[in-house]
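Undergrad: Sharing a structure with you now.
Bear in mind that the values in this text are calculations on the coordinates, not laboratory data. What you see is a predicted model; the values in this text were computed from it and never measured. Backbone-built Cβ (ideal geometry, glycine too); neighbour counts: all protein chains shown.
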Amino acid sequence: MSKPSSGARESAETLAVQALNFIAKDPVRLARFLALSGLDAASIRAAAAESGFLAGVLAHLGEDEPLLRAFAADAAVAPAEVDRARRILAGGDWQREMP
């Protein structure tokens with residue numbers, strides 16, 4: 001199993017924070033995110049400090065292809081990069097070691 005570098009993790013966290021800002025800029029997107037996550041606006045900061053929250057933000061994007069594509073275009077990244085960042089934040093890219 002290979003562990004992502006600290007630089008890869010930092011890049012993934014930065015992308016996830018961009019995604020959260022992208023969602024928060026639009027009241028409809030934010031309302032949907034809050035409804036699906038069970039959070040309220042006042043608890044986002046506390047939730048963001050919890051392990052897994054940023055991976056959850058990226059997972060939310062991955063579950064809505066039009067939203068994912070809109071964010072990817074806004075952030076100038078490929079949609080696949082969002083999923084890669086989610087996997088890193090969720091525990092890294094697991095690779096089977098072959099004998």
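Undergrad: Identify all residues within the range 14-43 that are hydrophobic (A, V, I, L, M, F, W, C) and surrounded by 15 or more Cβ atoms within 10 Å (Cβ to Cβ); write none if there are none.
TA: Hits for the range 14-43 are 15, 16, 19, 20, 22, 23, 30, 33, 34, 39.
Undergrad: Taking the range 17-29, which residues are within 19 Å of residue 73 (Cβ to Cβ) and part of a helix (DSSP H, G or I)?
TA: Selection gives 17, 18, 19, 20, 21, 22, 23, 24, 28, 29.
Undergrad: Shifting gears a bit: Please name all residue pairs, on different chains or six or more residues apart, with Cβ atoms under 8 Å, provided the first residue is in the range 55-71 and is in contact (Cβ under 8 Å) with a residue 12 or more places away in the chain and the second residue is part of a helix (DSSP H, G or I) and of a type in the set (Ser, Thr, Tyr).
TA: Here the result reads 56/37; 60/37, each pair linking the range 55-71 to a residue that is part of a helix (DSSP H, G or I) and of a type in the set (Ser, Thr, Tyr).
Undergrad: Has the range 17-38 got any residue that is in contact (Cβ under 8 Å) with a residue 60 or more places away in the chain and closer than 18 Å to residue 90 by Cβ?
TA: Narrowing the range 17-38 to residues in contact (Cβ under 8 Å) with a residue 60 or more places away in the chain: 19.
Keeping just the survivors that are closer than 18 Å to residue 90 by Cβ gives 19.
Yes, the range 17-38 contains a residue that is in contact (Cβ under 8 Å) with a residue 60 or more places away in the chain and closer than 18 Å to residue 90 by Cβ.
Undergrad: Collect the residues in the range 25-52 that are within 16 Å of residue 64 (Cα to Cα) and small (Gly, Ala, Ser), keeping them in residue-number order. Spell out how you get there, then give the answer.
TA: First pass over the range 25-52, keeping only residues within 16 Å of residue 64 (Cα to Cα): 26, 28-37.
The answer is 31, 35, 37.
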